Amino acid sequence: MVKASVKQLAEAIYALIESAKTQKELTETIAAYLVVEQQTKDADRVLREVERLRYERDGVLEIVASSRRNLNESTKQVISQIFEAKNSKIVEQTGENLVGGVSIQALDKWLDLSIRGRLNQLKNTNLGKG
């Protein structure tokens, strides 16, 4: 039996999004299929492809913003402007692992404005070697 490609899986999931009764039902269906077909390692690639399809077909850009605290509305607007998104959906992830700032990802673009990211940039700039 031939396994479905990442693009084929993304197309099928995109079609399921409209017909699924609940988010939980959709998630369980996708997870069950990936497990049965032994394609769990492709899950991230499949979901990125679904995001790309949604952006191309519906004009909705899903932006994942990770920060220590919830973002205020003005910050969300700035994030949408950074990605030049007319119709965006910002998914917030908060956690103690970020000291401060925000890390943003949409499709294949990633912007790290976290304090840890800035410190790593500074550490890697070879300061004092000139």
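Bear in mind that the values in this text are calculations on the coordinates, not laboratory data. Being a predicted model, the structure only gives us computed values, none of them experimental. Here the Cβ positions follow ideal geometry from the backbone for every residue, glycine too, while neighbour counts run over all protein chains shown.
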Lys/Arg Cβ at +1, Asp/Glu Cβ at -1, dipole of the chain taken about the Cα centre: which of Leu107, Ala85, Ser66 is farthest positive-ward? Ser66
Out of these labelled values of mean projected area of the Cα convex hull in nm², (1) 11.5; (2) 7.3; (3) 8.9, which was calculated from the coordinates shown here? (1)
Lys, Arg +1 and Asp, Glu -1 on Cβ, resulting dipole of region 1-58 about Cα centre, debye, nearest 20: 100
So for the chain: antiparallel DSSP bridges make up what percent, rounded to the nearest 5? 60
Using a 10 Å cut-off around each Cβ, can you sort Glu11, Glu49, Glu25 from fewest to most neighbouring Cβ atoms? Glu25, Glu11, Glu49
Span-rule helices in the chain, defined as complete DSSP H runs reaching 18 Å or more along the axis (Cα) with Kyte mean at least -1.0: 6-19, 23-36
Spin-label pair Leu16/Lys86, simplified geometry with 7 Å Cα→Cβ offset, distance in nm: 3.1
Proxy exposure order for Ser5, Ser19 (fewest C-beta within 10 Å first) is Ser19, Ser5
Can you list the aspartates and glutamates whose alpha carbon is less than 15 Å from that of Lys3, not counting same-chain residues fewer than 8 positions off? Glu11, Glu37, Asp42
List every residue whose amide H lies under 5 Å from the amide H of Ala4, counting only residues 5 or more places away in sequence or on a different chain, with H placed 1.01 Å from N in the peptide plane. none
Ellipticity estimate at 222 nm from DSSP helix runs (n ≥ 4, -39,500 (n - 2.57)) divided over the chain, nearest 500: -15000 deg cm²/dmol
Mind checking which aspartates and glutamates have their C-alpha under 19 Å from Lys89, skipping anything on the same chain fewer than 8 residues away? Glu18, Asp44, Glu49, Glu51, Glu56, Asp58, Glu62, Glu73, Asp108, Asp112
Suppose every Lys and Arg Cβ carries +1 and every Asp and Glu Cβ carries -1, with no other charges. What dipole size does the chain come out with about its Cα centre, to the nearest 20 debye? 560
